[in-house]
Every structure is written in C-alpha cells, then in structure tokens.
Amino acid sequence: MGSISLPISGRIYLDASALIYSIERHPTYALLLDSIWSAMASGDAQLLTSELTILESLVLPIRGKDQQSLDAFDRVFDESGLQLLPVNRAVLRFASELRATHTNLRTPDAIHLASAEIYAAQSIITNDKRMGGKTGVVVIVLSDLIQGVS
C-alpha cells in the first residue's frame, strides 16, 4: 500500500471545501491543510481556486450573519496570495464536457476540475471522491489522507 500526502510545492488547486476547512479551522482537516498554506507563504507552492469558491464559501456566513467569518474569508481572498481564477467561457465549455461525460459530476465540481486543468494545477485538494479520474489533474481526497487509504 503506497502512501498519499498533501503536495507542498507546485500549483495546488483548492476546491471550496478545502478552503472552508482551512478558514473555519475544521477539527479534522485544518491542521493537515496548514502545510500547503505554509508552502505558499514560503514561495514553494502556488495555491489556486476558482472565483466560484467565493460563492460557495460565503453562503453560510452570510445566511448566519457571521461577520467574523465573512471578514476571515475576505482576508484570504484579498490578502493571502491565493490566486482566484476566472470562470470564463473556456472553463465553462470544458466543465460542460466533463458533465456530459461524467453524469455523477455536479456542476460546481465540474467547474473546479475544469479550472484546475485549464490553469495547469498539478493537483486538486477536495473531499469529494467523485472528482477523481476525470481529468489529468491528480485529485487528493482529504478523507483518504486521514484514513490512510491509498
């Protein structure tokens, strides 16, 4: 059995769940994710995510009128060095192809996968097993790391 771990160099794409776990300090995943943020801070890694992540991560704080969480997310989006990738026609076209080919893939996940592929991420960090094997980007599922699955 091989081991899997989080990458600490290169272009690393975070889907919304990975970003939310980091910002909200998820008890299971936040410490694990800290290594990629440190790698970005040291210049060893570039962290990328789609602008779609803004929508996905702000809904609950807005609904709950949680200004502290909103401020924390805004700081990450504005000041952390995380690269926000545009949802443009090329991304949406490729996401459409992914959805047409993989019927179990949800639209937001297709947009994340298309963004990771088009913007040349080497890996995508998620907690959604359905995203694996759909593009050339290596999909790292956080729950697999915790469980030691390879």
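The values are calculated or read from the model by the stated rules, or taken from the named source; none is laboratory data. Bear in mind the structure is a predicted one, so any value in this text is a computation, not a measurement. Here the Cβ is made from the backbone with ideal geometry for all residues, glycine too, and neighbour counts use every protein chain on show.
Structure above, values below:
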quantity	calculated
Residue list for the range 85-97, restricted to those being under 17 Å from Tyr13 (Cα atoms), assigned to a helix (DSSP H, G or I) and touching a residue at least 24 places away in the same chain (Cβ under 8 Å)	Val91, Phe94
Some residue of the range 88-98 being within 19 Å of Leu142 (Cβ to Cβ) and not small (Gly, Ala, Ser)	no
Residue in the range 98-114 that is modelled with pLDDT of 95 or more, surrounded by 13 or more Cβ atoms within 10 Å (Cβ to Cβ), under 12 Å from Tyr13 (Cα atoms) and among the acidic types (Asp, Glu) present	no
Neighbours by Cβ (under 9 Å, 6+ apart or cross-chain): first from the range 56-69, modelled with pLDDT of 95 or more and of a type in the set (D, E, K, R); second in a helix (DSSP H, G or I) and surrounded by 11 or more Cβ atoms within 10 Å (Cβ to Cβ)	Glu56/Ala16; Glu56/Ser17; Glu56/Leu19; Glu56/Ile20; Glu56/Pro108; Asp66/Leu60
Long-range neighbours under 6 Å by Cβ, at least six apart or interchain, first residue buried (at least 24 other Cβ atoms within 10 Å of the Cβ) within the range 120-135, second part of a strand (DSSP E or B)	Ala121/Arg11; Ala121/Tyr13; Ala121/Leu48; Ile124/Tyr13; Ile124/Val139; Ile125/Leu14; Ile125/Ile140; Met131/Val139
Among (1) surrounded by fewer than 17 Cβ atoms within 10 Å (Cβ to Cβ); (2) out of contact with any strand residue (DSSP E or B) (no Cβ under 9 Å at 6 or more places or on another chain); (3) closer than 17 Å to Thr49 by Cβ, the one test that Val76 misses	(1)
Residue that is farthest from Ser5 (Cα to Cα) [pool: residues in the range 98-130 that are assigned to a strand (DSSP E or B) and among the aliphatic types (A, V, I, L, M)]	Ile124
